Amino acid sequence: MKAVYLLEPGPPENLIYGELPDPPPPTGSRLLVRVRAVALNPIDTYLRSGMVKMDLPRPFIPGCDFAGVVEAVGPEVRLFEPGDRVWGSNQGLLGRQGTFAERITVDECWAYPIPEGVSDEAAAATALVGITAHLGLFRHARLERGETLFVNGASGGVGSTVVQMGKLTGARVIAAVGSPAKAEAILKLGADYAIVYRDVEPQLALRKITPGGVNVWWETTREPDFDRIIAALASRGRVIIMAGREARPPFPVGPFYVKGGSIHGFVMFSAHPDEQREAAEDINEWLAAGKLKPRIDRVMPLAEAAAAHRLQEENTIGKSGVLAGKIVLKP
Ligand SMILES: NC(=O)c1ccc[n+]([C@@H]2O[C@H](COP(=O)([O-])OP(=O)(O)OC[C@H]3O[C@@H](n4cnc5c(N)ncnc54)[C@H](OP(=O)(O)O)[C@@H]3O)[C@@H](O)[C@H]2O)c1
């Protein structure tokens, strides 16, 4: 089969597009999936470059997200049968092979049915970012109807999903984005307010929009500025932190505890399969109803995985603003 693989961590050029043996027939609770679409995430680029170190099989097939069709099932599979369309995430991590290949095997605990009428591209593009947004908003921040949610980095893969789920919860959503065009797009996705952070200091804009502060601040950037975040927080506000492994910013202890604030950090791939499935069930309902629309920046052939990695890296680490949403690749 054709696959993208890595022999050594390094720059995007280390990604090889070539022939690898098909995966063996599925055993236990594993599915053999014919992949139809995958989505790229920043974590794929960190693992590829060696910035995040994990034990990787060799050759290592990168990629967390997939959508495809079940071709065969192991003897213990309970949820799926050949012919079912499935999506999922959490592959290419913690020693597991990834999804950037024509065929993959995946434990059924990480797979969910694709609802009728939902495309492979949409299902793959929603996978990791959708589960992340759901875990953060509902399990960690416990966002409630009528609360104010601020999303810093709202045009990104995670941010644009957080904005939509915030609106689905009945929250008032304020989005910070990098350009007027991205502001227009995020308002179309449902945000109540858009702040162009390159033109206006978000803290000043927030003071006008919500003088009492924000109930939930979702930070997607890799260098959180806690002085700014805590100053903008309402009493008993919650902060979601989910990026920036190297970040060691100063922290305003006094203002934080006096407000009774809380900070919640998490990585989606550490969440239990049952927790991820709970998120996936809501995501499926919203996708099927057309209430959740993944932002897909572009669709590329799987053979162009190295170019896709370069773009993603420029966007997330280089802050170039070159993307507005997900890169989807098709085998
Ligand atoms: N903990 C977890 O489980 C988890 C899960 C998923 C992702 N992550 C991490 O979360 C981060 C975001 O992921 P992603 O997939 O959304 O990445 P992404 O699609 O590359 O989006 C990042 C966005 O950040 C925005 N940004 C850059 N500089 C900014 C600034 N100074 N102020 C406000 N926004 C700024 C950019 O928006 P503009 O173009 O509008 O400037 C960019 O689109 C990554 O570091 C990723 O590794 C963690």
Please determine, by comparing only the residues of the stretch 243-261 that are in contact with a helix residue (DSSP H, G or I) (Cβ under 6 Å, 6 or more places away or on another chain) and not in a loop (DSSP other than H, G, I, E, B), which one is nearest to Leu137 (Cα to Cα). Phe256
Restricted to the stretch 134-145, and to residues that are outside any loop (DSSP other than H, G, I, E, B) and out of contact with any strand residue (DSSP E or B) (no Cβ under 7 Å at 6 or more places or on another chain), which residue is farthest from Ser155 (Cα to Cα)? Arg139
(1) under 28 Å from Glu313 (Cβ atoms); (2) in contact with a Lys or Arg (Cβ under 9 Å, 6 or more places away or on another chain); (3) surrounded by fewer than 24 Cβ atoms within 10 Å (Cβ to Cβ) all hold for Arg96 apart from (2)
Just checking, how many residues over the stretch 314-331 are part of a strand (DSSP E or B) and either under 16 Å from the mean Cα position of the chain (by Cα) or near the ligand (Cβ under 8 Å from one of its atoms) (or both)? 4
Taking the conditions exactly as written (touching a Gly at 6+ places or on another chain (Cβ under 7 Å), at pLDDT 95 or above and either among the basic types (Lys, Arg) or over 24 Å from Glu304 (Cβ atoms) (or both)), does Val73 satisfy them or not? no
Within the stretch 58-83, work out how many residues are more than 23 Å from the chain's Cα centre (by Cα) and within 21 Å of Leu7 (Cβ to Cβ). 2
Among Leu7, Leu32, Leu15, the single one that is assigned by TED's automatic domain parsing to the domain that holds Glu102 and closer than 30 Å to Thr220 by Cα is Leu15
For the stretch 8-34, give me the residue count where each residue is touching a residue at least 40 places away in the same chain (Cβ under 8 Å) and either in a loop (DSSP other than H, G, I, E, B) or of a type in the set (Lys, Arg) (or both). 13
Test: residue in the stretch 294-313 that is in a strand (DSSP E or B), under 26 Å from Ala247 (Cβ atoms), of a type outside the set (Val, Ile, Thr) and within 12 Å of the ligand (Cβ to nearest atom): yes
Mind checking whether some residue in the stretch 262-280 is in a loop (DSSP other than H, G, I, E, B), within 11 Å of the ligand (Cβ to nearest atom) and surrounded by 14 or more Cβ atoms within 10 Å (Cβ to Cβ)? yes
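Listed here are the residues, each with its yes/no results for (1) in contact with a helix residue (DSSP H, G or I) (Cβ under 8 Å, 6 or more places away or on another chain); (2) among the polar types (S, T, N, Q); (3) not assigned by TED's automatic domain parsing to the domain that holds Ser155.
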position	(1), (2), (3)
Asp274	no, no, yes
Ile283	yes, no, yes
Leu287	yes, no, yes
Ala303	no, no, yes
Ala308	no, no, yes
Leu311	no, no, yes
Thr316	yes, yes, yes
Qualifying residue in the stretch 178-201 (condition: hydroxyl-bearing (Ser, Thr, Tyr) and in contact (Cβ under 8 Å) with a residue 60 or more places away in the chain): yes
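The values are calculated or read from the model by the stated rules, or taken from the named source; none is laboratory data. Bear in mind that the values here come from a model prediction, so they are computed numbers and not experimental data. Every residue, glycine as well, gets a Cβ built from its backbone with ideal geometry; the counts of neighbours run over all protein chains shown.
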